[in-house]
Each structure stands twice: as C-alpha cells, then as structure tokens.
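Engineer: Take this structure first; my questions come after.
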Amino acid sequence: MGFDPSRFAAPVAAELQCKLCGRVLEEPLSAPCGHVFCAGCLLPWAARRRLCPLRCRPLAIADLRPVLPLRSLVQKLEVKCDYSPRGCGRTVRLRELPAHLAACRYGPEPRSGLPGPGRSGGAVVRSVLMQRIFLLAQIFTDPWEAKSQVEKV
Ligand SMILES: [Zn+2]
Ligand SMILES: [Zn+2]
Ligand SMILES: [Zn+2]
C-alpha cells in the first residue's frame, strides 16, 4: 500500500503512482515487463496470479527487482507533517519525515528521551510490515532459510 497522495505538498507525477493501490509508490518493485508497483501491493499479487497486474506478461517473484532510483525520487518528495491538522505548517522531504515527527512541537506528547510506544507507533508498524514483506519475498526465493526466520519473528 503506497503513500497517501494527499500527504504530498505538490501533485505527484503519474509515473510515481502504483496502479494497484492508486497511491504513491512505496518500496517500488519492477516486474520483468518494466511496470512498477509498491512491494506491498505487488508481492501478494504475484504470489496469487503470476501475471503482471496490467496483464501484459507472466511474472515470477524471483524476477521482481527493487527500483532504487524511483525509491529515492519518492523519498525526496515534500510531504506535509502528520501533525498539520494540529497546526504544524512544515513540509519536509519524505525521508526526513521521521526525524521531523520525532522533533515536531505539534506532536501529541511532550518530548522525552525515550521513544514511547504511542509516539513512534506509526513508523514502527511500518518497518515491521516491510520486514514481513521482505521475509515473504525470501520465502519464494529461499524457502528453508526464510521459514526459520519467520518462526523466529
Ligand atoms: Zn501500491
Ligand atoms: Zn507489465
Ligand atoms: Zn510538524
């Protein structure tokens, strides 16, 4: 599932949007045909259908590749602070958002030295999700090693 387009300060080019979720590419993965989707959208699709979501060509999970230049393009786009409804007028690059949120004075709780579960919850959930997606990807390339890791998690 990509990033919500309404979070971005400027309209996002269609090339940076995922045709599966209609949102802005998160961890873009490309199919052998060159079509690009979010990892979180394409992996479950590829596991079930084994065909490009745009119906152009068959695909195998082992053929999917991260598209690092697109990922860094998206990371450089300006997004509004999560706390803009609470009055923060800042826009920051997506990759700088976690640092800004940790320091934003419009955040829900006063700053403290220890990251509490309430404050960084969103980011934590997201990284656990990405971990699972990559484990899922590994299951298809290296079943035995990935399975033992999944059991550990
Ligand atoms: Zn997507
Ligand atoms: Zn395709
Ligand atoms: Zn802010």
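The values are calculated or read from the model by the stated rules, or taken from the named source; none is laboratory data. Every value quoted in this text rests on a predicted model; they were computed, and no experiment measured them. Because the Cβ atoms are built from the backbone with ideal geometry, glycine has one as well, and the counts that use them run over all protein chains shown.
Engineer: Could you please give the count of residues in segment 55-82 that are surrounded by 13 or more Cβ atoms within 10 Å (Cβ to Cβ) and either part of a loop (DSSP other than H, G, I, E, B) or among the acidic types (Asp, Glu) (or both)?
Structural biologist: 10
Engineer: Scan segment 4-19 residue by residue and report those that are near ligand 1 (Cβ under 9 Å from one of its atoms) and surrounded by fewer than 22 Cβ atoms within 10 Å (Cβ to Cβ).
Structural biologist: Result: Gln17, Lys19.
Engineer: Out of Gly40, Gly22, report the one residue that is buried (at least 17 other Cβ atoms within 10 Å of the Cβ) and away from ligand 3 (no atom under 16 Å from the Cβ).
Structural biologist: Gly40
Engineer: May I pose another question? Within segment 15-37, is even one residue of a type in the set (Val, Ile, Thr) and touching a His at 6+ places or on another chain (Cβ under 8 Å)?
Structural biologist: No, because not a single residue in segment 15-37 is of a type in the set (Val, Ile, Thr) and touching a His at 6+ places or on another chain (Cβ under 8 Å).
Engineer: Can you confirm whether segment 73-86 contains a residue that is away from ligand 1 (no atom under 16 Å from the Cβ) and under 13 Å from Ser30 (Cβ atoms)?
Structural biologist: Scanning segment 73-86 turns up no residue that is away from ligand 1 (no atom under 16 Å from the Cβ) and under 13 Å from Ser30 (Cβ atoms).
Engineer: Can Gly107 be described as of a type outside the set (A, V, I, L, M), modelled with pLDDT of 65 or more, more than 30 Å from Ala14 (Cβ to Cβ) and surrounded by 14 or more Cβ atoms within 10 Å (Cβ to Cβ)?
Structural biologist: Yes.
Engineer: Looking at the structure I just gave you, is Gly89 under 28 Å from Glu15 (Cα atoms), in a loop (DSSP other than H, G, I, E, B) and either outside the structural domain of Gln17 (by TED's automatic domain parsing) or at pLDDT 95 or above (or both)?
Structural biologist: The answer is yes for Gly89.
Engineer: When segment 12-33 is examined, which residues are found to be of a type in the set (A, V, I, L, M, F, W, C) and either in contact (Cβ under 8 Å) with a residue 12 or more places away in the chain or touching a Gly at 6+ places or on another chain (Cβ under 8 Å) (or both)?
Structural biologist: Scanning segment 12-33 gives Val12, Leu16, Cys18, Leu20, Cys21, Val24, Leu25, Leu29, Ala31, Cys33.
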